[in-house]
Amino acid sequence: MARGPGRGAVESRERKRLAFARGPWAKTHNDDPRVPPLTCPTCHAALSPTERYGTESIVCAQCRSIVGVAGGQVRLIGPQGDRARGLGESAPLPLGSRGRLRGKALEVTGVIVREEGDYRWHELALADENGDITWLWVDRGHFSLLACEGPHCVSMNDSREYVYGGHTLRLFGRGKADFVAAAGEFPFPIDPAEHPLITDYVAPPYVASFESKVWWVFEYVPVHEIVAAFGVECEAPSGVGCNQPAPYQRQRIALAVVTLAALVLAAVIHVAFGRNASDVPVVAATVDLRDPKNANPQSFGPFKLERRWNSLDVVVSSPVDNAWADLTLALVNEQTGRSYWTSHGVEFYRGWDSDGAWSEGSSSRSTLVRSIPAGTYTLLAHGETGTWSTGAPPHTAMVQIYDRPSPASNLLLAVGLILAIAGGYVWLGYRFEAARWEQSDFDPHKDNE
Ligand SMILES: [Zn+2]
């Protein structure tokens with residue numbers, strides 16, 4: 001879809017270089033009294049082709065006829081009628097627009113519209129300070145600047161893929177281009193009857209078009225750069241340009257680095273907070289269960305919790321054998337008076353039946369209690385016991401409270417969040433590529449029937 005201006009252009013450039021080699025072209029025809037002024041063969045309006053642009057065709061500003069210019073002679077190539085009306089002004093960059101783009105002072109000297117089916121695009125000819133012509137291709141508001149032109153711009157690698165400047169090109173589209181209209185002047189004879197086959201390949205930011213044995217490689221130019229360079233208003237581009245670099249693609253390395261750093265950070269935080277974890281309990285209590293019904297809650301401690309929020313591993317054990325012991329525990333904050341209640345029990349039963357020996361339960365149990373704020377605490381404990389079959393009630397129960405690091409689930413949550421954000425970016429990147437290839441007949445995101 002990136003269209004070069006046709007086969008004539010390159011030959012014409014070669015001729016132009018030879019002409020330059022013979023000497024400078026300082027004057028236009030109209031400045032030189034020895035050369036008669038050129039006039040339009042249709043309407044006889046004066047034509048002023050610019051010598052230093054090597055102009056070989058010019059569109060009459062009055063009747064819009066395309067006129068060939070060679071050797072001080074003119075010939076009518078063809079009328080355009082209303083197709084070309086206002087084209088010079090309505091083009092993405094109007095004729096005569098001047099600006100400095102990527103280090104070159106450029107002026108829009110010609111506009112061509114071509115189409116394939118219902119898809120239309122603009123080709124803008126721009127002259128630099130030396131009168132050399134370069135091209136901007138405008139696809140639905142997406143601008144691309146000519147980067148290379150000629151039969152050898154693109155090469156083929158060992159895998160028989162086309163390569164431009166180290167970028168492997170992928171087949172994007174193929175079709176015949178029809179001439180629609182032109183305005184301005186061009187360094188080659190325009191041939192409106194020509195319907196060249198054009199094959200496009202992409203490797204963002206490049207698109208390489210093969211047309212009439214010549215490669216035309218264009219590089220994507222963001223529209224804000226065009227606006228800044230030419231000081232014009234431009235419509236916002238629609239959709240994704242076939243060679244538009246994916247912003248997500250560009251950020252991919254940054255994203256990978258940030259993701260990795262976030263994962264490392266999460267792991268470091270996890271380990272750092274876990275470093276205070278100790279095998280020594282912050283409090284170890286032996287609760288007397290000999291006469292639980294008449295006993296007051298027993299008090300243990302005080303002990304300190306240093307972290308802002310604490311996860312506590314409460315381990316209750318009792319020598320239960322065909323018996324149970326239940327403890328009601330309260331952690332009382334000495335500063336605030338606030339208490340945190342929890343209830344823990346252990347039970348263990350065993351016996352014999354037709355299948356042999358069986359047992360059930362355990363004499364020890366551990367429970368994680370989370371989100372206990374920092375402070376000095378006292379542990380209050382009260383117990384109950386019971387028996388089954390021939391069991392005897394236990395006399396004691398042990399409570400050991402360990403200060404635990406943030407649980408692994410916190411780390412997993414953090415990792416999950418980080419990966420979800422990274423995954424979101426990857427998804428956006430996929431969507432962008434899918435939008436790019438929607439316009440292609442060779443969409444790798446679809447199964448080609
Ligand atoms: Zn005319």
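The values are calculated or read from the model by the stated rules, or taken from the named source; none is laboratory data. As the structure is a prediction and not an experimental result, all values here were calculated from the model. When we count neighbours, we look across all protein chains shown, and the Cβ atoms used for this are built from the backbone with ideal geometry, even at glycine.
Some points to look at:
- Residues that are assigned to a helix (DSSP H, G or I), assigned by TED's automatic domain parsing to the domain that holds GLN335 and of a type in the set (D, E, K, R) occur at least once in the range 291-300.
- Filter pass, SER144 being assigned by TED's automatic domain parsing to the domain that holds GLU107 and out of contact with any Gly (no Cβ under 8 Å at 6 or more places or on another chain): no
- Qualifying residue in the range 63-85 (condition: within 11 Å of the ligand (Cβ to nearest atom) and under 23 Å from ASP132 (Cβ atoms)): yes
Residue-wise test of (1) more than 21 Å from GLY78 (Cβ to Cβ); (2) among the basic types (Lys, Arg).
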{"residue": "GLU123", "(1), (2)": "no, no"}
{"residue": "HIS152", "(1), (2)": "yes, no"}
{"residue": "TYR164", "(1), (2)": "yes, no"}
{"residue": "LYS176", "(1), (2)": "no, yes"}
{"residue": "VAL180", "(1), (2)": "no, no"}
{"residue": "HIS195", "(1), (2)": "no, no"}
{"residue": "ILE198", "(1), (2)": "yes, no"}
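- Counting only residues that are closer than 29 Å to SER311 by Cα and more than 58 Å from the chain's Cα centre (by Cα), the range 348-373 holds 1 of them.
- Selection within the range 34-61 - farther than 17 Å from GLY110 by Cβ and within 10 Å of the ligand (Cβ to nearest atom): THR39, PRO41, THR42, CYS43, HIS44, ALA45, ALA46
- Any hit, the range 332-339, residues being at positive phi and surrounded by fewer than 14 Cβ atoms within 10 Å (Cβ to Cβ): yes
- Checking the stated criteria, ARG52 turns out not to satisfy the condition of being surrounded by 22 or more Cβ atoms within 10 Å (Cβ to Cβ) and not in a strand (DSSP E or B).
- Taking strands (runs of 3 or more DSSP E) as the structural unit, those lying wholly within the range 58-173 and holding at least 1 residues that are among the basic types (Lys, Arg) and buried (at least 19 other Cβ atoms within 10 Å of the Cβ) correspond to 104-116.
- Residues in the range 185-206 that are buried (at least 19 other Cβ atoms within 10 Å of the Cβ), of a type in the set (Val, Ile, Thr) and under 20 Å from PHE143 (Cα atoms): ILE198, VAL202.
- Residues of the range 206-239 classified as on the phi > 0 side of the Ramachandran plot and in contact with an Asp or Glu (Cβ under 9 Å, 6 or more places away or on another chain), total: 2
- Residue that is nearest to the ligand (Cβ to nearest atom) [pool: residues in the range 86-97 that are within 17 Å of ARG120 (Cβ to Cβ) and small (Gly, Ala, Ser)]: GLY88
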